[in-house]
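Below you'll find the structure, written out as structure tokens, and then a few comments.
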Amino acid sequence: MAKAFQRDGIVAIDGAISSELQYWECHRTHTVAPPPGGRNDYCHNDEKPKVDSQAVVLKYVAAELDRDALRPYVRGLWVLDDWPYWDYGSARELLQKIHALAQAKVPNDPAICGFAATLARPGRVAWQRGLALNYSNDGCDMVGWYVYTPFGRRKPSTGADLDWSMHSLLPAMGNSLAKQGWTLARAPLLGIGQAWSGRYGDGFYQPGLSRKQMLEQARGFCEYGANAIAWWAWDDGAYLPKTKTPESSRTIDDGIGEGIAACHSIWK
């Protein structure tokens, strides 16, 4: 794979660091930061209990960064992903330490901090403002905002009732992060849209997805100020063959292409 990447000019963002943070946070939610009410919807089990301190995380991170220094196709670090709503800000200090390590070992690879939100109806905002407490200018070189439709609907939906332009959502996310020192100039924005839809799991559905919706979401990110655009579709145990992805849906594949073209037009 490494040879293929280098041959074809493909670069990668290493996501291993965010995984180590999630193992650490998972352990916290089963020890010092249990969820209110006892239901742990962040991680049901303590998945990697040996990752029980910042020191352990930093040890794993240092080893991964040493490997990345030898991987010319790695051009970025995804350092933060989903976070529990009851432990806001617990990654902030550790992200700063990770950033310092990265600057010493792979200074040209930006640390990208991810923040999740949900598409809602026009005028409504589905964003947990406390998530912004993990951000600091000393911990994040870029931010990646991944915005998807609501999970777990019981009936199929076209997503026509949702605001794919994110007209109210993106400013709300920006305002929350700005309170922690963020600006687009300081930490550029990678906008990450949805590239899957349909039935998954046992009777659940994911709303969308049309070319128009994908184009609208891409344009919303880039008009807000994103200087990079991406889409996310994953393969996990809950997905069925009927789930539409860029590999199985011409509509989604075309939506990505049209979204990229729209952003290039905005950037010009």
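Key figures for this structure:
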| read-out | value |
| --- | --- |
| Per-residue HN-Hα couplings for the range 6-12 [Karplus 6.51, -1.76, 1.60; θ = phi - 60°; Hz; x = Gly/Pro] | 5, 5, 9, x, 9, 10, 10 |
| Packing-based order for 16-25, 155-164, using average beta carbon neighbours within 10 Å, highest first | 16-25, 155-164 |
| Protection proxy ranking, peptides 180-189, 126-135, average beta carbon neighbours within 10 Å, highest first | 126-135, 180-189 |
| MRE, 222 nm, helices only [DSSP H, n ≥ 4, -39500 (n - 2.57), over the chain, to nearest 500] | -11000 deg cm²/dmol |
| Evaluated over the range 110-267, the Cα radius of gyration and Dmax, each in Å | 15.5, 44 |
| Cα-based Lys proximity count in the chain, under 14 Å, for pairs eight or more positions apart or on separate chains | 4 |
| In Hz, Karplus ³J(HN,Hα) per residue of the range 180-197 (6.51, -1.76, 1.60; θ = phi - 60°; x = Gly, Pro) | 9, x, 6, 9, 4, 5, 7, 9, x, 9, 9, x, 10, x, 8, 10, 7, 6 |
| Extension reserve of the GLN103-LYS59 stretch, reckoned as 0.36 nm per residue once the Cα distance is removed | 14.3 nm |
| Of the DSSP H helices in the chain, those whose Cα atoms cover at least 18 Å axially and whose Kyte score averages -0.5 or more | 54-68, 92-105, 250-267 |
| Relative frequency of Cα-Cα separations exceeding 24 Å in the chain, percent | 53 |
| Residues whose placed amide H lies under 5 Å from that of TYR200, excluding near-sequence neighbours | TYR205, GLN206 |
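Readers should treat all values here as calculations from the given coordinates under stated rules, not as data from a laboratory. Here the structure is a predicted model, which means the values were calculated and not measured. Ideal geometry is used to build each Cβ from the backbone, glycine not excepted, and the neighbour counts take in all protein chains shown.
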